[in-house]
Amino acid sequence: TAICVVHAEGLCIPIKSLRWFPGTCYLMRRLEWRAALAAEYNAHGQALLQGDVARAWQHLERAHIIAQPMLREHLRSHWLMLRLALRERDTAEVAGQALRLVLVIPGNLSGRLPIGNIGRARVNAFRQMSIPSDLKKFVL
């Protein structure tokens, strides 16, 4: 039996079976995490469609904070940052994102991730940063 959980932003997340998850608390936390990440990626895309590159970067930074603990999504956040940097012809950001793409795997596997880091080349890749209050539940 399929279950569909609708997040506050109207995003519907289908789940095939609860038996694959150890508990509903874990399930709901995971669903909230995925919905928040999807909302940031969607907002990034909308900002680009509207030509607002600064806002697109802000949403990618927020997505990075949420995605950081999960290897695949962490890689995806840096890949999207690299694509935007290439689009904007920002050579410093391109170089920074290329380096971060290399650092993601060892960082995630070792657990040495700077909590709250926005993932941009303009900040030190190893610096912890303050987490926006609305994102703390996804990180801490």
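Data for the structure
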| read-out | value |
| --- | --- |
| Complete set of residues in region 49-89 that are touching a residue at least 24 places away in the same chain (Cβ under 8 Å) and more than 29 Å from ARG29 (Cα to Cα) | VAL53, LEU84, ALA85, GLU88 |
| Pick from region 51-110, criterion more than 17 Å from the chain's Cα centre (by Cα) and not in a helix (DSSP H, G or I), ranking: nearest to ASN124 (Cα to Cα) | ASP90 |
| Of all residues in region 62-117 being open to solvent by 60 Å² or more (accessible area, probe 1.4 Å) and polar (S, T, N, Q), the one that is modelled with the lowest pLDDT | SER110 |
| Qualifying residue in region 126-139 (condition: aliphatic (A, V, I, L, M), touching a Leu at 6+ places or on another chain (Cβ under 9 Å) and open to solvent by less than 20 Å² (accessible area, probe 1.4 Å)) | no |
| Residue match in region 122-134 (condition: outside any loop (DSSP other than H, G, I, E, B) and either closer than 26 Å to GLU32 by Cα or not polar (S, T, N, Q) (or both)) | yes |
| Any hit, region 29-36, residues being part of a helix (DSSP H, G or I), at pLDDT 95 or above and over 22 Å from ALA98 (Cβ atoms) | no |
| GLY51 at positive phi and at pLDDT 95 or above | yes |
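The values are calculated or read from the model by the stated rules, or taken from the named source; none is laboratory data. As the structure is a computational prediction, the values presented were derived from the model and not from experiment. Every residue, glycine as well, gets a Cβ built from its backbone with ideal geometry; the counts of neighbours run over all protein chains shown. Protein only, heavy atoms only, side chains kept; ligands, DNA and RNA dropped before computing areas. Shrake-Rupley method; radii C 1.70, N 1.55, O 1.52, S 1.80 Å.
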